[in-house]
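Report on one structure; see the data block that follows.
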Amino acid sequence: MKPSFRTLTATSLVVALTTLMPLAARAADAWPNKPIQVVVPAGAGGDTDFNARTMARYFEKLTGTTMIVTNINGGSGTMGMNKVENAAPDGNTLMFGHIGMLIVNEVSGLTKHKFDDKLTIACIPAVDKSVVLVASKDSGLKSVSDVIAKAKEGPGAVIYGTEFGGFSHLQGLIFQKVAGIQMKFVDVGSVSDKIPALLSGRISLASISYGAVQDYQKTGDMAMVAQYSSTPNPLLGDIKTFDEQGSKLDMTKPYVIAFPKGTSPEIVKKMSDIMEKISQDPGYAKALKDGFKQPVTFYPTEQAVQKLNAIRDDLMQYKDLLKKR
């Protein structure tokens, strides 16, 4: 008896699936086998760019594959994120960003979707535990108590420079709420704009990764008011945390590696595994320490997603506060 059309169709489907599965597995096994574009949704020279380029250097050392870092600034990171979200899910384009772009943008209403709706999270490759509240020399502020006392003198007594809708904006708003004070918020732009604003005395305070301002502390042109990590970062020396100064506040900044939605789970896991090996390289640890006084921190895929969800749940309570500015 001849096989029926239905039997032939079912058989053909099984054969097709059996053929495709090894091809997909082989593609993941071969990855990375061509230059990978790393999109950084921030300008060159900042903490995100530094972390991305440091990771890329050690990725090439470990795999022999080049990573091409591309800075796409604008829209508080949304322009760079959009490029990755719309890229082919072949593992050859990834994003190296941070929670400001992925979560704070949603909190502020700049984006309308959750961080993993259009992206697949690979890992948290690093956490910036070096962010400090920095004061200009002209302000005379040197501690949290100084800021609180000055702010109580009246509206505009303390000017906080930030990038509206961004992570540092939320840091300032939450500090203001915790301390029970009112500061004047001005939009001065990114880190490269905050530093001259502090040096000129146009603003009193800003939240910046220590590595970008450490030289100004040495010259006395800026004072380090507090570090945002509730657990003191020993690489920051004697800079006290907010907690140690009576204002309970913990706002460290995890970085995130993510692929376009639909990227093979095998490639996502492989990226996470490679990053874990990079984090164990003493040279990488030294690079983070020397560059931004940043200790090594790593979260694999599942733990990274859990942590990002926890951060999102926490920050969503400040949704109305951020929108009010």
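The values are calculated or read from the model by the stated rules, or taken from the named source; none is laboratory data. Small disclaimer: the values here were computed from a predicted structure and weren't measured. When we count neighbours, we look across all protein chains shown, and the Cβ atoms used for this are built from the backbone with ideal geometry, even at glycine. Remember, those area values only see protein heavy atoms, side chains included, never the ligands or the DNA or RNA. Shrake-Rupley method; radii C 1.70, N 1.55, O 1.52, S 1.80 Å.
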Task: Matching helices (runs of 4 or more DSSP H) fully within segment 211-325 where at least 1 residues are within 18 Å of the chain's Cα centre (by Cα) - done: 265-279, 282-292, 301-315
Open item on the list: Out of the residues in segment 217-241 meeting the condition of being open to solvent by 70 Å² or more (accessible area, probe 1.4 Å) and not polar (S, T, N, Q), tell me which one is nearest to V158 (Cα to Cα).
Closed with: K240
Task: Of residues in segment 176-203 being charged (D, E, K, R) and assigned to a helix (DSSP H, G or I), the one surrounded by the fewest Cβ atoms within 10 Å (Cβ to Cβ) - done: K177
Task: Candidates F96, F59, filtered to the one that is in contact with a helix residue (DSSP H, G or I) (Cβ under 9 Å, 6 or more places away or on another chain), modelled with pLDDT of 95 or more, part of a helix (DSSP H, G or I) and surrounded by 15 or more Cβ atoms within 10 Å (Cβ to Cβ) - done: F59
- [ ] Could you grab me the full set of residues in segment 158-182 that are in contact with a helix residue (DSSP H, G or I) (Cβ under 7 Å, 6 or more places away or on another chain), more than 17 Å from V132 (Cα to Cα) and free of Cβ contacts under 8 Å to residues at least 60 places away in the same chain?
- [x] I181, Q182
- [ ] Select from segment 102-131 the residues that are open to solvent by less than 10 Å² (accessible area, probe 1.4 Å) and in a loop (DSSP other than H, G, I, E, B) and list them in ascending order.
- [x] F115, P125, A126, S130
Task: Neighbours by Cβ (under 6 Å, 6+ apart or cross-chain): first from segment 186-212, touching a residue at least 24 places away in the same chain (Cβ under 8 Å); second of a type in the set (A, V, I, L, M, F, W, C) and surrounded by fewer than 18 Cβ atoms within 10 Å (Cβ to Cβ) - done: D187/F164
Open item on the list: Regarding segment 150-169, can at least one residue be identified that is touching a strand residue (DSSP E or B) at 6+ places or on another chain (Cβ under 7 Å), surrounded by fewer than 23 Cβ atoms within 10 Å (Cβ to Cβ) and of a type in the set (A, V, I, L, M, F, W, C)?
Closed with: yes
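If the requirement is being modelled with pLDDT of 85 or more, farther than 18 Å from T120 by Cβ, outside any strand (DSSP E or B) and open to solvent by less than 70 Å² (accessible area, probe 1.4 Å), which of these qualifies: T9, T65? Write out each step before concluding.
On the way: T9 fails: modelled with pLDDT of 85 or more.
Matching residue, one of T9, T65: T65.
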Task: Test: residue in segment 254-275 that is in contact (Cβ under 8 Å) with a residue 12 or more places away in the chain, closer than 25 Å to Q176 by Cβ and either basic (K, R) or crowded, with 18+ Cβ neighbours inside 10 Å (or both) - done: yes
Task: Scan of segment 97-141 for residues that are in contact with a strand residue (DSSP E or B) (Cβ under 9 Å, 6 or more places away or on another chain), within 21 Å of V191 (Cβ to Cβ) and of a type in the set (D, E, K, R), ordered by number - done: D128, K129, K137
